[in-house]
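The values are calculated or read from the model by the stated rules, or taken from the named source; none is laboratory data. In this text the structure is predicted, and so the values were computed from the model without any measurement. Cβ atoms come from the backbone with ideal geometry, glycine included; neighbour counts cover every protein chain shown.
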Amino acid sequence: MNRNNIIRKSLVIILLTGLGLSCGDNAENRQTSSEQVLAVKVMMTKKTDQDIIRTFTGSLEGERQADIYAKLAESVENIHVRGGERVAAGQVLISLDRLGPSSRYNETRSLYLNAEKNFTKMEYLYKEGAIAESQFDAARTEYEVTRANFEAVSRLVDIQSPITGVVTVIDVSEGDFVNIGQKLATVATTDKLRVKLAVNSDEIKSFKKGADVIVSSTVFDYKASGKVVSMASSADPKTRSFQVEVLIDNTEKLFKPGMFVRVGIITDRLEKVILIPRNAVLLLDNKPTVYVVNENTVSRRVVSLGPEVDGRIVVMEGLKENDTLVTLGQDYLQDGNKVKITTWEE
């Protein structure tokens, strides 16, 4: 065998050996890729009872609430209270200008004081027998009439709270000129608060008088309990909605009149159902699908879904209690993949 043939045979052997090694590496890589272990987060499914809650929105007001309006066109002379302050029935909240042309305060006060002085004198003379009973009665009548007029004018000028409660709103400032019928302030009781809801003909079916409700706000993380206290028997002819009134307990004083709140009412109660996170469900081949882990291998399951409750969804069919459900990492899975559980969630 000459030198050239020996060289050619040696090159063929080297080339075939290289190809063999390369093929072996690719097969090994494919095997490693197919057995890649993916990290997932899981939860153990369990059966539980679940209330279905329908949520409505409305604004709070006092159980008893008084909006106070001006009955006299005058300027605001003094504001005696501030918003949030507790006041008693009959306490003066706002004083208007006593010297204003429409108040007639000084005029009625003078008439009243003169009549009072005259009545005191006539009463003494009558007791002494110095005047007739008719003269005494005339003086007394004049006194009572002028006193009533002065008290009426005083209430127009010195505006009082009609109820004991909390000043929730002061709508004017000192120096403002107010017109008759202009709103000045609001006083409300706050131990219990009222919510008026406007609901449609389908929603009214969810309410029953005396039903329990839960009231919450986006302002703070606190929920108050309440009850449905009244329901309109007919719809408002303008809005075509039914008014529902809810009364809530506010002993913690966290809720304030005027605050926007959510009212949740239980419309149904599901017993012994499996609830899973909504994001655990994938839509594959137009079917709701989840992945379940068994001995570090995932299997794909098509599920039948029920109502959604607070970001979780009821599984009617396809899962059973104590299944290990993948809740994070399912987007990268295929049926039969090996997985490593990194986190268990409640």
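Below, the figures for the structure above:
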| item | result |
| --- | --- |
| Selected residue (only one of A115, A130 is outside any helix (DSSP H, G or I), more than 55 Å from the chain's Cα centre (by Cα) and of a type in the set (G, A, S)) | A130 |
| Any hit, region 282-299, residues being more than 30 Å from V187 (Cβ to Cβ), of a type in the set (G, A, S) and modelled with pLDDT of 90 or more | yes |
| Residue in region 273-289 that is hydroxyl-bearing (S, T, Y) and within 20 Å of the chain's Cα centre (by Cα) present | no |
| Search result, residues across region 285-309 that are surrounded by fewer than 14 Cβ atoms within 10 Å (Cβ to Cβ), in a loop (DSSP other than H, G, I, E, B) and touching a residue at least 12 places away in the same chain (Cβ under 8 Å) | N296 |
| Odd one out for L93, checked against (1) under 57 Å from the mean Cα position of the chain (by Cα); (2) farther than 19 Å from S161 by Cα; (3) modelled with pLDDT of 95 or more | (2) |
| Failed condition for S103, given (1) part of a helix (DSSP H, G or I); (2) of a type in the set (S, T, Y); (3) surrounded by 14 or more Cβ atoms within 10 Å (Cβ to Cβ) | (1) |
| Selection from region 160-181 of residues that are of a type in the set (V, I, T), surrounded by fewer than 17 Cβ atoms within 10 Å (Cβ to Cβ) and more than 30 Å from D191 (Cβ to Cβ) | I180 |
| Some residue of region 335-346 being within 28 Å of the chain's Cα centre (by Cα) and modelled with pLDDT under 90 | yes |
| Test result for T251, assigned by TED's automatic domain parsing to the domain that holds R194, β-branched (V, I, T) and within 21 Å of L197 (Cα to Cα) | no |
| Test for I68: is it in a strand (DSSP E or B), under 47 Å from the mean Cα position of the chain (by Cα) and farther than 30 Å from V246 by Cβ | no |
| Residue match in region 264-284 (condition: surrounded by 16 or more Cβ atoms within 10 Å (Cβ to Cβ), of a type outside the set (G, A, S), in contact (Cβ under 8 Å) with a residue 40 or more places away in the chain and not in a strand (DSSP E or B)) | no |
| Long-range neighbours under 6 Å by Cβ, at least six apart or interchain, first residue over 30 Å from V263 (Cα atoms) and free of Cβ contacts under 8 Å to residues at least 60 places away in the same chain within region 57-81, second β-branched (V, I, T) and surrounded by fewer than 19 Cβ atoms within 10 Å (Cβ to Cβ) | H80/V92 |
| Residues of region 162-211 that turn out to be over 25 Å from A70 (Cβ atoms) and either modelled with pLDDT of 90 or more or not hydroxyl-bearing (S, T, Y) (or both), as a count | 19 |
| Subset of region 133-159 that is acidic (D, E) and more than 47 Å from the chain's Cα centre (by Cα) - its residue that is surrounded by the fewest Cβ atoms within 10 Å (Cβ to Cβ) | E133 |
